[in-house]
1. Pairwise over distinct Cα atoms, reciprocal of the mean inverse distance: report the Kirkwood radius of the range 181-224 in Å, one decimal place.
2. Could you work out how much longer the chain between V412 and Q264 gets when fully extended? Use 0.36 nm per residue separation minus the Cα distance between them, nm to one decimal.
3. Please compare each pair in K483/K586; K153/K491; K235/K285; K446/K536; K491/K573 to a cut-off of 31 Å on the Cα-Cα distance and tell me which ones are over it.
4. Going by Cα centres, the range 33-57 and the range 287-301 are how many Å apart?
5. Could you give the accessible area per residue of the range 373-458, probe 1.4 Å, as a whole number in Å²?
6. When the accessible area of the range 356-421 is computed with all protein chains present and a 1.4 Å probe, what percentage of it is carbon and sulfur?
7. Please state the shape class of the chain: rounded when a/c is under 1.5, otherwise prolate if a/b exceeds b/c and oblate if not, all from the C-alpha gyration tensor.
8. Can you give me the long-range amide H partners of I400? Hydrogens built in the peptide plane at 1.01 Å from N, cutoff under 5 Å, separation of 5 or more residues or another chain.
Amino acid sequence: MNALRRGFLEAYFTRRSEEKAPPPDKTTHIPTPGIDVNIVNIPKAGKYRVLDFAGQPEYYVTHNMFLRADDSVFLVVFKIIDVIDDFDGTLNEELLTWPRFIKSRISDYHSSENRPIVILVASGADMVEKRRGNHAIKVVEDIRTRTKEIFGKYLDIVDETFLLNCHDSRHKDMDRLRKCLSDYKREEQIPKLCAKISDIKNKWQINEKFPIWYWPAYVEQVKKIDPFVEDEFLKTATSYLENIGELLFIKNSKGDDIIVLNIQWLCSRVFGPMLATEIFFQYSKKLRKNQKFYSRREIDEVFSDFADTELLLNLLKIFELIFEADHSPSVSVDHTLYIAPALLVENMPESQWRMDPSKQIYFGRRIQCRDETDSFSPGLFPRLQARLYNHFRDQSQTPIGIWKNGIKVCRVVECLVYMTRGWRAIHICVRAQNEENIGDCHNLLKMVSEQINDVLEICSPGSDIESHVLSANSLRIHIDPDKTKFFSVQKILEAEMKGLNVYDEEGVGEEPTTDLLCAGYDTTPLRAQGYECDVKWINHETLENFSMIMDIKREMAGDYGTMADLMGIPPLKVRGWEGKSMSITKQILSEWSKRWAKQKRSGGFTI
């Protein structure tokens, strides 16, 4: 960025020092801690508000808070030396990461207007120009072509190739890049209210250790500018100010919306030392890594010079970046322990999902990225963990384990939420001792799925996902959740409509549809088949009420024969159930279900 924004004269006077720059493999690199926010004048391109995102994975967890895909121009930079020898037309994970990330932040990619503009830039021309310059340019062109083939439906990939020496502001491709930025700059008329807020914002009396306002305080200040401003109009104007980088507008579903008046404070003073690893020598104080719990005292030591720790902790809890591990009122403030899911380093031990003969009931769901253009935002799973931990703890079911890739709760039903290797799918695995717990299993699956969808809407609105059903057999026999087989819902419904079991060609065998979907609770077959659906899918509560009423009436009449006869069940079989503890109505309905399935397998059914 420094080279890009230098004009001719500045470049002339810095040229000599650039020529004496160290060899490429000896270059001193000062890593960006999180995000660096600046307003810069780029020669021949104009004024830009630049958000320089750190390339280190530890900071990805916060990027989605700042990444605005609409009306933005993205310079996606990669090192040519990393790909020049191995590129075969396939984009590796490193080359896919940022296009996926940008796509995940598009609120409506179906609209062709205002698609994010992406300029692919290869750095390190000085490492390859002398010996492999032409080949390097060809590789960059191939990468751009392939990226456009994959992401062209969602992103506006610029049809130009840039191979830069980022140390040299007068490199031959630098002016072309400046011209490209100028061509794609979107000039919009700034609303009058936004201009007034922007002009006066720096004069507001702001707590330097907590430059945050909640919505009511922000409205109060803006009404000094325009006493008649309406709430919805102000939210629209504030969103515009966010898009041009004047502030950060956090919409908080659990309370007042949040206005971050100093973005750089949040990035460098908070997220910087919170997430920094040892390579970020800019920070003399930073949170220690490789530990699960952080005390209030440790947090104070890192942030007290730059932030009001009490207010900051409340803010981080709203952002779902941190939460209290011990919620007991008896614990003093100084001894409160906190967990920051993004800082967890240990993966779930294999021992946490061992085969257990006492568990007879298994169900699961898989929520996965639809294709290679999709990804989960790196901030999604840590945020989901924080949300689930708080939910379970509030229900007096504090999780028994939390790891970088999982969270587990175990009470009547054991529930594991697990991010698979490659971070492309989330598994929700539940198991219990007997059929009485099927309802609890279904409620857990539903609750966690809804939480995932809610967090996706916040972190990755542009990511397409699909839901599958985990194999009960596979969950039962595998201790590694990554190896769990799964079926599409459509495959299960097709089997159910034919009265067949679901068959897996890869070794888990046949499974009844009721082992995959929670009969009595999951309404998927009912919604798909309506009145043609097997009676076994009837709602549990409805079945209980119906059976109770029917049993009373039949006992009074002393005859189940009419109902059994209508269902083709021999009277002798019905008499064999009499005097037993189970509801005879349920027995008849169960037998009818078996006959229904048999008739469907034979090509038809009758009532």
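The values are calculated or read from the model by the stated rules, or taken from the named source; none is laboratory data. In this text, all values refer to a predicted model and were calculated from it rather than measured experimentally. Virtual Cβ from ideal backbone geometry, glycine too; neighbours counted across all protein chains shown. Side chains included, ligands, DNA and RNA excluded: accessible areas come from the protein's heavy atoms. Shrake-Rupley method; radii C 1.70, N 1.55, O 1.52, S 1.80 Å.
1. Result for the range 181-224 stands at 12.7 Å.
2. Details: separation 148, 0.36 × 148 = 53.28 nm, distance 4.66 nm.
Once the chain is fully extended between V412 and Q264, it gains 48.6 nm.
3. K483/K586; K235/K285; K491/K573
4. 31
5. With the other protein chains kept in place, the range 373-458 gives 37 Å² per residue.
6. Ligands and nucleic acids excluded, carbon and sulfur reach 42 percent.
7. Details: a/c = 2.30, a/b = 1.87, b/c = 1.23.
Prolate is the answer for the chain, as a/c is 1.5 or above and a/b outweighs b/c.
8. When sequence neighbours closer than 5 places are left aside, the close amide H contacts are K408, V409, C410.
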